[in-house]
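K.L.:
I have a structure I would like to understand better, so I am pasting it below and will then ask my questions one at a time.
The values are calculated or read from the model by the stated rules, or taken from the named source; none is laboratory data. These numbers come from a predicted model, not from an experiment. As a convention, Cβ positions derive from the backbone with ideal geometry for all residues, glycine included, and neighbour counts pool all protein chains shown. For accessibility, only protein heavy atoms count, side chains too; no ligands or nucleic acids. Shrake-Rupley method; radii C 1.70, N 1.55, O 1.52, S 1.80 Å.
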Amino acid sequence: MIYEIIETVIKRFPCEYREMLANISSTQKFKKNEFVLKQGKYCNYLWFITKGAVKAFESIERSERVTYFFLDNMFFTNYYCWVTSNPSDIAFKTVEASEIIVIDYPKLEELCAEHHIFDTIGRKMAERIFVEELQLRKLLLNYSATERYEYLEKERPEIFQRFALKDIASFIGITDVSLSRIRKERLHESRTYPM
């Protein structure tokens, strides 16, 4: 599936380049609640989830602040960490047993320098991520907790099936109690005003 995802940003990803990518990749299995990357460690990989779910979070004063959710057929990394050569300010942890393709970042950069197609893929993927993060920033800054919940419910309903409610509450920026209240209000509204 990784090649199909790549071909959403370029029309065709020829076999010779697929082999090059496979040569710098390996598949790893992770148990539920296993770290893919710990906060404070260096990030030297690009990951692709073939099966499973991963949350990104930062630990602040013994509490977790969830910053993103990743599911099947999604790439993830801490690009800021890689570019700045700083330790990672976030951690990635599985929330269910997962199978992940691990791509060596330094070797990927070599492929980008040698073969224009990899550089093009990287640029187009980065543009897609930039747009998603800009939308996310607007969501978190400009909308109420209820509106943020409704957005997730509409745009990413699978999150509610695969991630704990406490993680969703953390991502929205509210407490578990507030999330429960929003969910009860929404349930009450749907029963009172059937569509």
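K.L.:
Take the Cα coordinates of the stretch 1-67, assign each an equal point scatterer, and use the Debye formula without solvent to give log10 I(q)/I(0) at q = 0.20, 0.22, 0.25 Å⁻¹.
P.N.:
At q = 0.20, 0.22, 0.25 Å⁻¹ the computed log10 ratios are -0.99, -1.09, -1.23.
K.L.:
Which cross-chain or sequence-distant (5 or more) residues have an amide H under 5 Å from the amide H of I90, H modelled 1.01 Å from N in plane?
P.N.:
G40
K.L.:
Heavy-atom accessible area per residue, the chain, 1.4 Å probe: how many Å²?
P.N.:
Details: 12150 Å² over 195 residues.
It amounts to 62 Å² per residue over the chain.
K.L.:
Before anything else, pin down the relative contact order of the chain: Cα pairs under 8 Å, at least 6 apart, normalised by residue count, whole percent.
P.N.:
Details: 265 pairs, mean separation 44.6, N = 195.
Reported relative contact order: 23 percent.
K.L.:
Starting from the Cα gyration tensor of the stretch 59-111, take the square roots of the eigenvalues, sort them a ≥ b ≥ c, and report rounded, prolate or oblate (rounded when a/c is under 1.5, otherwise prolate if a/b is larger than b/c, else oblate). Intermediate values should be presented prior to the final figure.
P.N.:
Values: a/c = 2.69, a/b = 1.23, b/c = 2.19.
The shape class here is oblate.
K.L.:
Counting Lys and Arg as +1 and Asp and Glu as -1, each charge on the Cβ, what is the dipole of the stretch 67-120 about the Cα centre in debye, to the nearest 20?
P.N.:
Values: 2 positive and 9 negative charges, 36 e Å.
The dipole magnitude comes to about 180 debye.
K.L.:
Go ahead and run the numbers for FRET between E61 and T27, Cβ-Cβ distance against an R0 of 41 Å, rounding to 0.05.
P.N.:
Working: r = 36 Å, r/R0 = 0.88.
It comes to 0.70.
K.L.:
Quick query: amide H of T67 versus all other amide H atoms, modeled in the peptide plane; which residues come in under 5 Å with a sequence gap of 5 or more or a different chain?
P.N.:
A56, F57, E58
K.L.:
Please give the helix 105-114 orientation as an angle from the longest Cα principal axis of the chain, in degrees from 0 to 90, rounded to the nearest 10.
P.N.:
50 degrees
K.L.:
Quick one: length gained pulling M1 to R181 fully straight, 0.36 nm per residue minus the C-alpha distance? The partial results should precede the final answer.
P.N.:
Working: separation 180, 0.36 × 180 = 64.80 nm, distance 3.88 nm.
Stretched out fully, the M1 to R181 stretch lengthens by 60.9 nm.
K.L.:
Work out how much length E110 to I10 would gain on full extension: take 0.36 nm times their residue separation and subtract the Cα-Cα distance, in nm to one decimal.
P.N.:
Net length gain for the segment: 34.0 nm.
K.L.:
Hey, another quick one. What does the net charge come to around E64 if you take all other residues with beta carbon closer than 12 Å to its beta carbon, with K and R at +1 and D and E at -1?
P.N.:
Details: positive: K55, R62, R65, K93, K166; negative: E58, E61, D167.
In short, +2.
K.L.:
So, one more: Going by Cα centres, the stretch 58-95 and the stretch 132-162 are how many Å apart?
P.N.:
For the stretch 58-95 versus the stretch 132-162, the Cα centre distance is 18 Å.
K.L.:
Would you mind checking the pairs K11/K38; K41/K166; K11/K51; K11/K41 and listing those with alpha carbons more than 27 angstrom apart?
P.N.:
Correct reply: K11/K38; K11/K41.
K.L.:
Using only the alpha-carbon atoms, what does the stretch 38-183 span along each of its principal axes? Please give whole angstrom values in decreasing order.
P.N.:
Result for the stretch 38-183: principal-axis Cα extents of 54, 29, 28 Å.
K.L.:
If you don't mind, another one. On the protein heavy atoms, probe 1.4 angstrom, tell me the percent of accessible surface of the chain carried by carbon and sulfur. Show your work: numbers first, answer last.
P.N.:
Working: 6270 of 12150 Å².
Carbon-and-sulfur percentage of accessible area, whole number: 52.
K.L.:
Let me know the Rg and Dmax you get for the stretch 1-117 when you use only its Cα atoms, in Å.
P.N.:
That works out to 14.8, 48 Å for Rg and Dmax.
K.L.:
Relative to the longest principal axis of the chain, what angle (0 to 90°, nearest 10) does the C-alpha long axis of helix 116-142 take?
P.N.:
On a 0 to 90 degree scale, this one is about 20.
K.L.:
Say a paramagnetic label sat at a point 7 Å from the Cα of N44, along Cα to Cβ; which residues of the stretch 76-93 have their backbone N under 19 Å from it?
P.N.:
So the set is 76-92.
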